[in-house]
Amino acid sequence: MSNPRVPYRFSNDGPDLIAHEDGPILVHLVVNVENWSFDAAMPRTIITPPHGKETVPDVPNFSWADYGMRAGLPRMIEAIHQRGLPASTSINASVIDAYPGAAEAMLAVGWEFIGHGMHQKSIQQAGTEEEVVAQSLEKLRHFSGQAVSGWLSPGLRESERSPDVLKSEGVRYVFDWCMDDLPNWMRTDHGPLLSMPYNLELNDSIIYAIEKHATGQFLDRTQRSLALFEKETVKRPRVLAIGLHPHLMGVPHRFGEFEAMLDALMASPKTTFLLPAQIADWFEGQVPAA
């Protein structure tokens, strides 16, 4: 079945776009900040249980994620903030209660909050979809004072109805459909919803937790992607989204790589770092919703 929400076309065949005034490569740093419930099976693991039988609580795998919230996240916040870069956090709304210092620190440095469910569970496992979306957004909006116009589903998992539900709850753009290097308008029952670029292969969860590459692979992929985009933006702008997790890129043996990635992106004369709301404004200003 072809994409039921976005008509097919070559990426370069879309409407003409004028590059952003600060650069044709729009870099979006997305830090996924999650609450893995101690009394439930872990959404992802680094160590397998004895004899292959899962246990709850899963202390070692919970601690893996908890380390990211305690040690990895403050490192990443400082590295991004010291460089004067904007970033977003796709954040489980329950982080506000479980890790209040983390939520307050990200708000203090001006990160954009993106809806990411209540806990780190796929939408099919978390309860009634309308309730999960509405409660998550309400909690984030109340805490942050932001519009919270974006949504990135836990694990990027949606139901067939998710875009309709998200649009009905006031979501403006979604990051689950990793299908293009530029935004696209999606069809929903409640009007157009903007699909924003997000990457599966420029994502530490894929590179290090699933594919299990050696440290350095993320930097290599970032540099290779940047080199290609620098050539392609002669004809058309590009959005370069970088997916990050504190328990993966905030660990000591990878943190130098993370800083090198930021510095490589900053060194390019063609990049500008933007919040997702700014990317959406740039695109919608030229390609209004039909």
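Please treat every number below as a calculation from the coordinates, not as lab data. Bear in mind that the values here come from a model prediction, so they are computed numbers and not experimental data. Heads up, the Cβs are rebuilt from the backbone with ideal geometry, glycines too, and the neighbour counts pull from every protein chain shown.
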Inset, instruction - Confirm whether residue 89 is hydroxyl-bearing (Ser, Thr, Tyr), surrounded by 18 or more Cβ atoms within 10 Å (Cβ to Cβ) and outside any helix (DSSP H, G or I). - result: yes
Inset, instruction - Can you work out which of the residues in the stretch 139-170 that are over 19 Å from residue 33 (Cα atoms) and of a type in the set (A, V, I, L, M, F, W, C) is surrounded by the fewest Cβ atoms within 10 Å (Cβ to Cβ)? - result: 165
Legend entry - Cβ-Cβ under 8 Å pairs, at least 6 apart or on other chains, the stretch 48-59 side in contact (Cβ under 8 Å) with a residue 12 or more places away in the chain and part of a loop (DSSP other than H, G, I, E, B), far side of a type in the set (Phe, Trp, Tyr) and surrounded by 11 or more Cβ atoms within 10 Å (Cβ to Cβ): 57/38
Inset, instruction - Determine whether the stretch 31-53 contains at least one residue that is within 30 Å of residue 269 (Cβ to Cβ) and under 19 Å from the mean Cα position of the chain (by Cα). - result: yes
Inset, instruction - Take residue 64 and decide whether it is closer than 23 Å to residue 252 by Cβ and either in a loop (DSSP other than H, G, I, E, B) or free of Cβ contacts under 8 Å to residues at least 40 places away in the same chain (or both). - result: no
Legend entry - Close pairs from the stretch 270-290: first touching a residue at least 24 places away in the same chain (Cβ under 8 Å), partner part of a helix (DSSP H, G or I), Cβ under 8 Å, at least 6 apart: 270/229; 270/230; 271/226; 271/265; 273/265; 273/266; 274/282
Legend entry - Residue count for the stretch 104-153, restricted to those that are in a helix (DSSP H, G or I) and touching a strand residue (DSSP E or B) at 6+ places or on another chain (Cβ under 9 Å): 9
